[in-house]
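Engineer: Got a structure for you, written out below as structure tokens; questions coming shortly.
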Amino acid sequence: MKIATLLFTYKRSYHTQQVVSALQQNTVYPQKLFIFQDGLKDDADIHEWDSVNKLIHDIDWCPREIIVSKSNRGLADAVVAGVNYAFRECDAVIVLEDDCVPHSNFMAFMTASLQKYQHENKVYTVSGYAYPVNIESNGTDAYFTRRITSWGWGTWKDRWSYYDNDYRILGRIKNNTKLAEELHIWGADLESYILGNIYGRCNSWAVFWALTVIERGGYCLSRYKSLVKNIGFDGSGVNCAKREFAQDLQEENRLEVNLPEEVEIPESYKLQFADYFSWISPEERVKAYNGVLLKWIEYIKRNNGSIADKLLSRGIHRCSIWGKGSLCDLLLDELKDKIQICSIVESVPVEKTYRGISVISINEITKDTQLIIVIPFYDFSVIERAIKRVIECEIMPLNNILDL
């Protein structure tokens, strides 16, 4: 199988140098390296652009082809055009941008993955990047999701043929009940990128690829430990603002690549990704919580009662609470001395106790819990499904408690 390695550059010489140097130190070299440099937009940046141009022309340690654009296309158009260009002569591609520094085992992992799953048509993409989610390892180096990543990724010609910049794809997915559920788990943030493209806030090609994979029921191979470090969060890039970003990087060097045999997604992974990709703005969350608080106050004034009394009247004496925060604190005060709080549940617990109550993961919920009250009620459907896979008990969103 002919595998092309693609590197997209523009005018960041420091970043490009880091990527090129790391790629040269890999245990496996590219069969052929295609280097794309976007055309200059502003002559004020000509020194940096020239520095990148010289740097890529100095590459002589592997077969390479350099394609320099005569005009400024922008990253989105450049990536799509570059991948299409490479597929004229190759069967698969490995794609890096100028801020994605590869680990020394990156090329070995990507090559092995592309070879192993080349005939698994339901696998659409493989990646050396690891999303910062806390999930239990399956004993290999990687696992399957339905969410692509654009930081050090690869695909095959036949699967890329489905890529299309079709804005109607979001509507098709949302109008299909099953696909809408998959979107909520693997891409709740994608609508914001589509709207960002429309309103000019961003220019993303990857959003269409992500939606294509979800619509077609595709699988994506992701790492547990990342073989790619993104150094673009320093304010130098167009799509990455200056900020701190957690990256779970692999530090050890291992020549062997251990890949999963079964192309499947464990149910326990879905909640973690639904939490990670949840894209409800802080403003929307505050608005939702304020609505519950107003309803709560009105209930107390109108009925001169408490939530604890409501639960006791239904024979509920023991419950757990999903989620912490100010509403959890109010609920704990409300139930104090009347209802036994068995535990506080979080998808990824970061502490063992909270206000003297055990903080546990979903798999640790015990059978003595009669009811689980879900604080983040805007994610209730995903949380409910995840709980029901573990234990049979009553589950209720906080905003419905007052309607009992």
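The values are calculated or read from the model by the stated rules, or taken from the named source; none is laboratory data. Bear in mind that the values here come from a model prediction, so they are computed numbers and not experimental data. Cβ placement follows ideal geometry from the backbone for every residue including glycine, while neighbour counts extend to all protein chains displayed. These area figures cover heavy atoms from the full protein model, side chains too; ligands, DNA and RNA do not enter into them. Shrake-Rupley method; radii C 1.70, N 1.55, O 1.52, S 1.80 Å.
Engineer: From the list VAL382, VAL359, VAL374, exactly one residue is within 23 Å of ASN134 (Cβ to Cβ), at pLDDT 85 or above and crowded, with 19+ Cβ neighbours inside 10 Å. Which is it?
Structural biologist: Step by step, each of VAL382, VAL359, VAL374 is checked, and only VAL374 is within 23 Å of ASN134 (Cβ to Cβ), at pLDDT 85 or above and crowded, with 19+ Cβ neighbours inside 10 Å.
Engineer: Shifting gears a bit: For the subset of segment 386-404 comprising residues that are in a helix (DSSP H, G or I) and in contact with a Lys or Arg (Cβ under 8 Å, 6 or more places away or on another chain), which member is most open to solvent (accessible area, probe 1.4 Å)?
Structural biologist: Among residues in segment 386-404 that are in a helix (DSSP H, G or I) and in contact with a Lys or Arg (Cβ under 8 Å, 6 or more places away or on another chain), the one most open to solvent (accessible area, probe 1.4 Å) is ASN399.
Engineer: Can you say whether PHE87 is in contact with a helix residue (DSSP H, G or I) (Cβ under 7 Å, 6 or more places away or on another chain) and closer than 21 Å to TRP156 by Cβ, as far as the supplied structure shows?
Structural biologist: Considered against the rule, which asks whether it is in contact with a helix residue (DSSP H, G or I) (Cβ under 7 Å, 6 or more places away or on another chain) and closer than 21 Å to TRP156 by Cβ, PHE87 comes out as yes.
Engineer: Taking segment 319-345, which residues are farther than 19 Å from PHE380 by Cβ, out of contact with any Lys or Arg (no Cβ under 7 Å at 6 or more places or on another chain) and open to solvent by 80 Å² or more (accessible area, probe 1.4 Å)?
Structural biologist: ASP333, LYS336, ASP337, LYS338
Engineer: Right, another one. Looking for something part of a loop (DSSP other than H, G, I, E, B), open to solvent by 60 Å² or more (accessible area, probe 1.4 Å) and farther than 13 Å from TRP160 by Cβ - is there at least one such residue anywhere in segment 82-90?
Structural biologist: yes
Engineer: Anything in segment 114-134 that is surrounded by 20 or more Cβ atoms within 10 Å (Cβ to Cβ) and of a type outside the set (Ser, Thr, Tyr)? List them, or say none.
Structural biologist: LEU114, VAL123, VAL126, GLY128, ALA130
Engineer: If you check ASP42 against the conditions, is it at pLDDT below 95, out of contact with any Cys (no Cβ under 6 Å at 6 or more places or on another chain) and loosely packed, with under 13 Cβ neighbours inside 10 Å?
Structural biologist: It is true that ASP42 is at pLDDT below 95, out of contact with any Cys (no Cβ under 6 Å at 6 or more places or on another chain) and loosely packed, with under 13 Cβ neighbours inside 10 Å.
Engineer: Further question: State whether the residues of segment 128-145 include one that is of a type in the set (Val, Ile, Thr) and more than 23 Å from ILE214 (Cα to Cα).
Structural biologist: There is at least one residue in segment 128-145 that is of a type in the set (Val, Ile, Thr) and more than 23 Å from ILE214 (Cα to Cα).
Engineer: While we're here: Tell me, which helices (runs of 4 or more DSSP H) wholly within segment 111-220 include 1 or more residues that are over 24 Å from LEU33 (Cβ atoms)?
Structural biologist: Ranges flagged: 169-174, 177-186, 190-199, 206-215.
Engineer: Is it the case that segment 227-249 has a residue that's crowded, with 18+ Cβ neighbours inside 10 Å, within 17 Å of ALA76 (Cβ to Cβ), in contact with a Lys or Arg (Cβ under 8 Å, 6 or more places away or on another chain) and at pLDDT 85 or above?
Structural biologist: no
Engineer: If we keep just the residues of segment 135-189 that are in contact with a helix residue (DSSP H, G or I) (Cβ under 7 Å, 6 or more places away or on another chain), closer than 13 Å to THR125 by Cα and among the small types (Gly, Ala, Ser), which is surrounded by the fewest Cβ atoms within 10 Å (Cβ to Cβ)?
Structural biologist: This residue is SER150.
Engineer: With the requirement that a residue be out of contact with any Cys (no Cβ under 7 Å at 6 or more places or on another chain), part of a loop (DSSP other than H, G, I, E, B) and within 16 Å of LEU271 (Cα to Cα), what does segment 363-385 give you?
Structural biologist: Listed by number, the residues that qualify are ILE365, PRO376.
Engineer: Starting from segment 253-266, keep only residues that are closer than 17 Å to ARG146 by Cα, then list their pairs with residues that are open to solvent by 50 Å² or more (accessible area, probe 1.4 Å) and in a loop (DSSP other than H, G, I, E, B) whose Cβ atoms are within a distance under 7 Å, requiring at least 6 positions of separation or different chains.
Structural biologist: The qualifying pairs are PRO260/ASN138; VAL263/GLU120; VAL263/LYS122.
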